1. Which FRET efficiency value, to the nearest 0.05, is calculated for Asp68 and Lys239 with the Förster distance at 35 angstrom and r the Cβ-Cβ distance?
2. So, R0 is 45 Å and r is the distance between the beta-carbons of Ser205 and Tyr79; what FRET efficiency does that work out to, to 0.05?
3. Past 19 Å, Cα to Cα, is the threshold; run Lys119/Lys191; Lys134/Lys239; Lys72/Lys134; Lys62/Lys134; Lys119/Lys250 against it and keep the listed order.
4. Under 8 Å for C-alpha pairs, at least 6 residues apart: give me the relative contact order for region 172-351, rounded to a whole percent.
5. Would you please give the FRET efficiency between Arg94 and Glu286, computed as 1/(1 + (r/R0)^6) with r the Cβ-Cβ distance and R0 = 51 Å, to the nearest 0.05?
6. Using a 10 Å cut-off around each Cβ, can you sort Ser179, Ser307 from fewest to most neighbouring Cβ atoms?
7. Starting from the Cα gyration tensor of region 85-244, take the square roots of the eigenvalues, sort them a ≥ b ≥ c, and report rounded, prolate or oblate (rounded when a/c is under 1.5, otherwise prolate if a/b is larger than b/c, else oblate).
8. Stokes-Einstein D for region 172-351 at 37 °C, 0.692 mPa s, Kirkwood Rh over Cα pairs, in µm²/s?
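Coordinate-derived values only; no laboratory data. Bear in mind the structure is a predicted one, so any value in this text is a computation, not a measurement. For neighbour counting, all protein chains shown are included, and Cβ atoms are generated from backbone atoms with ideal geometry for every residue, glycine included.
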Amino acid sequence: MAPSTVELESTPDHSVCTSPESNPQVWEALIKSQPRSLKVCKPHSRVYPHGFPILRPRLVSKNGIPADNIEKTSKMYVYDKERSYFEQCFREMRVLGRGLFGEALEVECLESGNRYAVKRALRTFESAGARQQKLREATNHEAIAPHANIVGFEKAWEERGRLYIQTELCGANLADYRSEFGTLTEAELWKVLHDVVQALHHMHSIGMLHMDVKPSNIFISNDSTCKLGDFGLAFDINKTSRDTAEEGDKYYMAPEILNDSPTSAADVYSLGVSMLELATDVNLREHSHRIRNGELDFQLFGSGVSSDLRHMITSLLCPHPLMRPTTSQLSTDKCILKNARKPVVFRRLESAVKSPSGPLDKDWDFEFEDEIHPPSIRFSKLRKPLRNFFKDDISDAADSVKSQLPPRASIRRREKLAFPVKKLDFSDSSDVSPGPAPKRIREAV
């Protein structure tokens, strides 16, 4: 029988498959030859109403102040596509802290020279609902009348897809204070309890719930006054359905919120957990279940915590919301008022600068911005065309770079090779004596 053959095709001598490091000129030319892709922006129609001036600062307020008042009353701001209102009117001094969704900055107002804190969102608005939720934080804070134990509200504005909230500048929060100095002293604990109770009573009296009371949201001012801040989850029970309330930190959340609508008693419970954390070495991750069930171990309290303070904290942590004291009762409690009269000076602590939890989104730069603003207020400088990926030279079309491509390397192929393969013949296999059986078969036999 004629031997059969197996045809093999050899690998070509030359190939154009290279890496950017080994042959950057080829890769540059290949990228230039690709059709230019347009800049992809977030669809503005799902975030802003039609015709909204996205690149201009717009005041966030429900007090009837025109949205463009922030622009008209500023002595420093001039509309500029390259520089925002924040960049023109404030000087960043330092980062006070960063979280998952925002950062707090200490800034100097260039118009007045005063120092403020500005909370800036790290993420630009993703949808109309997300935008309204962010703006609600500012309007809720604005709706709270000024109080000595609440962080003062200055103004809030949105610009280029981002929210800014300007408030009074305070010192460190109690979470950082506790981390630096350990558990608080008896006098400090009574001071914290008194001040936060006054802040919550002020909010509850107008139908506002905070819903996120915890040490990191309680700040120490320069005169050792504790102030409640961060109203991102606050809502007005007179204007907003309780069913739309968002849950705060799970370790400080009242147990009834899991099944029922929140009430002012939920803030009282969160205050109790905060006081317990500031007074003891409790691990909330391990003991949160027992705390919610009212199984508080008094051995957690050290000798430095009086029995009056222990019983007060225990009453705040009662699992049944109707059995907890109200902020109205706590604001006039004789034990709290008596112990809060003692002078307290908190130890000095600069606000800790935390590493960022996420990158800062680039400000929105919409191509349709020129269509929104009339020519009289448009930025006069012409828009720059898109730039090349590798160089700064301007490439207006893909055809203009095809001529820069190097000549395509020719691929030479070798001739097909034929190798004879002997075909096996089993016609005489009966004459071949079989080999020894495997060991297992021999043992079985």
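1. On the way: r = 26 Å, r/R0 = 0.73.
So, using R0 = 35 Å, E works out to roughly 0.85.
2. The pair Ser205/Tyr79 has a calculated efficiency of 0.60.
3. Values: Lys119/Lys191 26 Å; Lys134/Lys239 17 Å; Lys72/Lys134 24 Å; Lys62/Lys134 14 Å; Lys119/Lys250 23 Å.
Long pairs (Cα-Cα over 19 Å): Lys119/Lys191; Lys72/Lys134; Lys119/Lys250.
4. On the way: 248 pairs, mean separation 53.8, N = 180.
Averaging sequence separation for qualifying contacts and normalising by length gives 30 percent for region 172-351.
5. Values: r = 35 Å, r/R0 = 0.69.
For Arg94 and Glu286, the calculated efficiency is 0.90.
6. Working: Ser179 13, Ser307 9.
Exposure proxy ranking, most exposed first: Ser307, Ser179.
7. On the way: a/c = 1.73, a/b = 1.16, b/c = 1.50.
It comes out oblate by the Cα gyration axes.
8. Working: Rh = 16.4 Å.
Answer from the Stokes-Einstein relation: 200 µm²/s.
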